[in-house]
Amino acid sequence: QVQLVESGGGLVQAGDSLRLSCTASGRGKYVMGWFRQAPGKEREFVASITWSRGVTYYADSVKGRFTISKDNSKNTMYLQMNSLKAEDTAVYYCAAGSSVLILTTIHAVHSWGRGTQVTVSS
């Protein structure tokens, strides 16, 4: 298990940028990523990054606008969100999964953060 703490959510206008952070504590190797859940909708994959090689994966809805990155020295992962849209409004969750899996579905997640609210006004 890994403990995950998110920060950086907030209220912004459409077209603005926001950066989320997630700091991890715990032993072992794992892949990390972001999921989001809008009101009345299921939790969905946003982006993920492997810890050792930094291979990234993105949902089609955020490709070209969001960038996931990591700082291994700080055990911290980031999600830079640019050109935000109203439909990006959701609670964003940091997630960790086994390093042998590709983290693109909730079934691959073994640890969740508490979430941080992102609200984009149009």
Might you let me know whether the range 89-98 holds any residue that is open to solvent by less than 50 Å² (accessible area, probe 1.4 Å), aromatic (Phe, Trp, Tyr) and under 12 Å from the mean Cα position of the chain (by Cα)? yes
Restricting attention to the range 5-40, report how many residues are more than 18 Å from Met81 (Cβ to Cβ) and of a type outside the set (S, T, N, Q). 10
Hey, among Val31, Val62, which residue is of a type outside the set (Phe, Trp, Tyr), more than 19 Å from Gln13 (Cα to Cα) and outside any helix (DSSP H, G or I)? Val31
Filter pass, Ser83 being open to solvent by 40 Å² or more (accessible area, probe 1.4 Å), farther than 17 Å from Leu20 by Cα, not in a strand (DSSP E or B) and not β-branched (Val, Ile, Thr): no
Contact list please: Cβ distance under 8 Å, first residue in the range 34-63 and at positive phi, second residue not small (Gly, Ala, Ser), pairs at least six apart or on different chains. Gly54/Lys70
I'm trying to understand the selection: among the residues of the range 1-25, which are assigned to a loop (DSSP other than H, G, I, E, B), farther than 19 Å from Ser69 by Cα and open to solvent by less than 60 Å² (accessible area, probe 1.4 Å)? Ala14, Gly15
Lone unmet requirement of (1) within 13 Å of the chain's Cα centre (by Cα); (2) of a type in the set (Gly, Ala, Ser); (3) open to solvent by less than 20 Å² (accessible area, probe 1.4 Å) for Gly115: (3)
If we scan the range 65-77, do we find a residue that is in a helix (DSSP H, G or I), buried (at least 16 other Cβ atoms within 10 Å of the Cβ) and on the phi < 0 side of the Ramachandran plot? no
Given the condition of a type in the set (A, V, I, L, M, F, W, C) and exposed (fewer than 12 other Cβ atoms within 10 Å of the Cβ), answer yes or no: does some residue in the range 30-52 qualify? no
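The values are calculated or read from the model by the stated rules, or taken from the named source; none is laboratory data. Being a predicted model, the structure only gives us computed values, none of them experimental. Cβ sites come from the backbone with ideal geometry, for glycine too, and all protein chains shown count toward neighbours. SASA here: full protein model, heavy atoms, side chains in, ligands and nucleic acids out. Shrake-Rupley method; radii C 1.70, N 1.55, O 1.52, S 1.80 Å.
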